[in-house]
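Step one of this worksheet: look at the structure below.
The values are calculated or read from the model by the stated rules, or taken from the named source; none is laboratory data. All values derive from a computational prediction rather than experimental measurement. Positions of Cβ are generated from backbone atoms using ideal geometry, with glycine treated the same way; all protein chains shown enter the neighbour counts.
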Amino acid sequence: AQSVSQHNHHVILSEAASLELGCNYSYGGTVNLFWYVQYPGQHLQLLLKYFSGDPLVKGIKGFEAEFIKSKFSFNLRKPSVQWSDTAEYFCAVNENSGGYQKVTFGTGTKLQVIP
Amino acid sequence: ETGVTQTPRHLVMGMTNKKSLKCEQHLGHNAMYWYKQSAKKPLELMFVYSLEERVENNSVPSRFSPECPNSSHLFLHLHTLQPEDSALYLCASSQGGEGGETQYFGPGTRLLVL
């Protein structure tokens, strides 16, 4: 069975600081990797995903993540955070299954950005 | 608004009650999911339906009973729940394919079992 580890449970940053959230997974097969975000009072929604190709993936709102296969990692980065980035961030791994997603989520990281 | 709706948004029930959670997707997707989100725990995949057929059941107790009458609707029937079943129950949908498809989540039903 696959698992996902997010190392930071709660991160507090000042505006304009750089962000890196760690994510490691354990699964030896072909994977698809995701970062989902849940803003306060809103639905869980996709931030970015890696499917194939370039391991550096760019998502919405200036976020990016790099898939490093040798390290089983998919860390999320943003060079300069804003107050509006305050949210909970979930890393997820999809095990390829025919016709549907069998996704394992991490425990989430709560990001608080201080103005 | 993601195209996935859930009702009710909040539910309080006793351990002897029977209730149902409803999920509807307006995205034309062919796979639907139930997740349980508890505090300080990862989202737990409970059930997956693909083309209206249950394809995953992740060791969920029988007091949770899913139903997928068509590709747009998904229900979670609840009976004789325990207080530890209190959580946020999320529904999601996706378009089946080669993998890597985005899941679209509903707002969730906040369940409290007394």
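Structural remarks
- Qualifying residue in region A:24-33 (condition: under 21 Å from A:Val81 (Cα atoms) and of a type outside the set (Ser, Thr, Tyr)): no
Residue by residue, here is whether (1) hydrophobic (A, V, I, L, M, F, W, C); (2) closer than 30 Å to B:Leu51 by Cα; (3) surrounded by 21 or more Cβ atoms within 10 Å (Cβ to Cβ) holds:
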{"position": "A:Phe72", "(1), (2), (3)": "yes, no, no"}
{"position": "A:Pro79", "(1), (2), (3)": "no, no, no"}
{"position": "A:Trp83", "(1), (2), (3)": "yes, no, no"}
{"position": "A:Phe90", "(1), (2), (3)": "yes, yes, yes"}
{"position": "A:Glu95", "(1), (2), (3)": "no, yes, no"}
{"position": "A:Lys102", "(1), (2), (3)": "no, yes, no"}
{"position": "A:Phe105", "(1), (2), (3)": "yes, yes, yes"}
{"position": "A:Gln112", "(1), (2), (3)": "no, no, no"}
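- Here A:Glu95 clears all of (1) within 13 Å of the chain's Cα centre (by Cα); (2) of a type in the set (Asp, Glu); (3) under 23 Å from B:Tyr104 (Cβ atoms) except the condition numbered (1).
- Test set (1) surrounded by fewer than 19 Cβ atoms within 10 Å (Cβ to Cβ); (2) part of a strand (DSSP E or B); (3) more than 14 Å from every other protein chain (Cβ to nearest Cβ) - B:Glu84 fails condition number: (2)
- Residues (closer than 15 Å to B:Gln103 by Cα, within 9 Å of another protein chain (Cβ to nearest Cβ) and more than 11 Å from the chain's Cα centre (by Cα)) located in region B:38-72: B:Leu43, B:Ser50
- Any pair with Cβ under 8 angstrom, 6 or more apart, that starts in region B:4-24 at a residue that is surrounded by 13 or more Cβ atoms within 10 Å (Cβ to Cβ) and modelled with pLDDT under 95 and ends at one that is of a type in the set (Ser, Thr, Tyr) and not in a strand (DSSP E or B): B:Met15/B:Thr80
- B:His79 fulfils the conditions (1) buried (at least 19 other Cβ atoms within 10 Å of the Cβ); (2) more than 12 Å from chain A (Cβ to nearest Cβ) except for a single criterion, (1).
- Filtered by the rule that a residue be aromatic (Phe, Trp, Tyr) and closer than 19 Å to B:Lys41 by Cα, region A:1-48 gives A:Tyr25, A:Phe34, A:Trp35, A:Tyr36, A:Tyr39.
- If the condition is being facing chain B (nearest Cβ under 7 Å) and modelled with pLDDT of 75 or more, then region A:91-110 contributes A:Asn94, A:Lys102, A:Val103, A:Phe105, A:Gly106, A:Thr107.
- Taken over region A:10-43, the criterion of being outside any loop (DSSP other than H, G, I, E, B), exposed (fewer than 15 other Cβ atoms within 10 Å of the Cβ) and within 13 Å of chain B (Cβ to nearest Cβ) is satisfied by A:His10 alone.
- Listing of strands (runs of 3 or more DSSP E) fully contained in region A:54-115 that carry 1 or more residues being polar (S, T, N, Q): A:73-78, A:87-97, A:100-105, A:109-114
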